[in-house]
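Below is one structure, written out as structure tokens, with a few remarks after it.
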Amino acid sequence: MRYPPVADRSVLVTGCSSGIGRATARVLRARGWRVWPTARASADLESLRAEGFEPMALDLTDSASVRRAVPEVLARSNGTLGGLVNNAGYGQPGAVEDLTRDALRRQFEVNLFGLQELTNGLVPAFRRQGYGRIVHVGSIVGRIALPFMGAYSASKFALAAMAAALRIELRGSGIAVSLIEPGPIASAFGNNAIRAGMAQLAERGSFFADFYRAQLEREKGAEARPSRFQRPPEAVARVIAHALESPRPRRRYPVTLPARLGVFMARFAPEALNDAILAARSRRTV
């Protein structure tokens, strides 16, 4: 489907403290976009300012923060924002049986509820101007659930459903909705998620305590031994740029070979085969 060009090349990018978000802010600025990157921590905001950006504070778990961000970015862009890149998020590790209600709630607050509240706040402006691009950064585990990352996978499955519904509801408005589905990306995201979550879970007397400890030991050397399938965050950033700039943006963009393989497996492989592969992969990590 063909969409109108983005007349105002300005964009709000969430989650720019590091990784995909920071790379996206840099890549888009180099391509002539005016970028407003967001972060929560004051140190990250100062780091972005040091790079010459005009960052905004945003905490997706806080509705008041989201409500402040919407008029602020519209004021900065004179009411004609070109695009929104929903990148902010994190991964809650742990076997499903070990996850508390609070842990599940926080995972969805960041990865879905806050993201959608921000998006809903900007859709009216996109409608008024007759164009706009909404780009969600999902994950290939939003197609195939990853064991011991069930909460994260669930949030990305839900994001894919919301993106699809929103895309159809906005049909004819000039607003495009795209979902980016990265596979393994060389960033601090994976290690931070594992270390922060599994260190706590390992001490709770879980049935999987030995697994968590083994994962922690494995992740200590992950940065020194990157996977040959990993791509740098700039690879995702370039795909995000395509979704923002192309007259025919795709509905979904898998990034990395494992992501493309995951798309194929989700579509064509029997669930029993996928289960067996993922179970074997989990056993190999302990």
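A full extension of the chain between Ala164 and Glu234 corresponds to an added length of 22.7 nm, given 0.36 nm per residue minus the alpha carbon distance. Springs join every pair of Cα atoms under 10 Å in this Gaussian network model of the chain, and among Glu181, Glu72, Glu234 the largest mean-square fluctuation is at Glu72.
Can you name the helices of the chain, as whole DSSP H runs, whose Cα span along the helix axis is 27 Å or more and whose Kyte-Doolittle mean is not below -1.0?
Qualifying helices, which must be both long enough and hydrophobic enough, are 150-169.
By the count of neighbouring beta-carbon atoms within 10 Å, fewest first, Lys220, Lys156 end up ordered Lys220, Lys156.
Grouping the Cα pair distances of the stretch 93-142 into 10 Å bins from zero gives a pair-distance distribution of 20, 39, 25, 12, 4 percent in increasing distance order. Taking 10 °C and 1.306 mPa s as conditions, the chain diffuses translationally at an estimated 81 µm²/s according to Stokes-Einstein applied to its Kirkwood radius (Cα pairs). Working note: Debye formula, equal point scatterers on the alpha-carbon atoms of the stretch 1-120, no solvent; log10 I(q)/I(0) at q = 0.14, 0.16, 0.20 Å⁻¹ is -0.62, -0.78, -1.11.
Readers should treat all values here as calculations from the given coordinates under stated rules, not as data from a laboratory. What you see is a predicted model; the values in this text were computed from it and never measured. All Cβ positions, even for glycine, are placed from backbone atoms using ideal geometry, and neighbour counts span all protein chains on display.
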